[in-house]
Amino acid sequence: MVDLALHHTPSFSPNNTATAGKPSIEQTLAAWESWSVLHTSYDGAFPEQVRRSSLVLQGLTFGPSGAIVAGATTSLPETMGGELNFDYRCAWLRDLS
């Protein structure tokens, strides 16, 4: 088993220490569970796919600014085991507006 920890603190933060803002496991679980509740009221076609997609999009959203990660599909091969690899297959939301 490999432990992985991801920590982000803006460099301009007055509390920029290794332990500042470190949430507990319980707080993290509660946050994800509350997010999942937000996506249970959809009543249209393909409800499971819509729920999963909205959870993924919310997981790719930076909370303080609402910015969405631009390249969630970066470096995926065209076909499994294929030679073609497109390093940037996504459309920026700003380019689509």
Among the residues of segment 64-78, count how many are modelled with pLDDT of 75 or more and part of a loop (DSSP other than H, G, I, E, B).
-> 5
Segment 18-42: number of residues that are touching a Ser or Thr at 6+ places or on another chain (Cβ under 8 Å) and at pLDDT below 65 = 2
Can you name the residue in segment 39-50 that is more than 23 Å from A70 (Cβ to Cβ) and in a helix (DSSP H, G or I) and is also nearest to the chain's Cα centre (by Cα) among such residues?
-> E48
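The values are calculated or read from the model by the stated rules, or taken from the named source; none is laboratory data. Everything numeric in this text was worked out from a predicted model, so none of it was measured. Every residue, glycine as well, gets a Cβ built from its backbone with ideal geometry; the counts of neighbours run over all protein chains shown.
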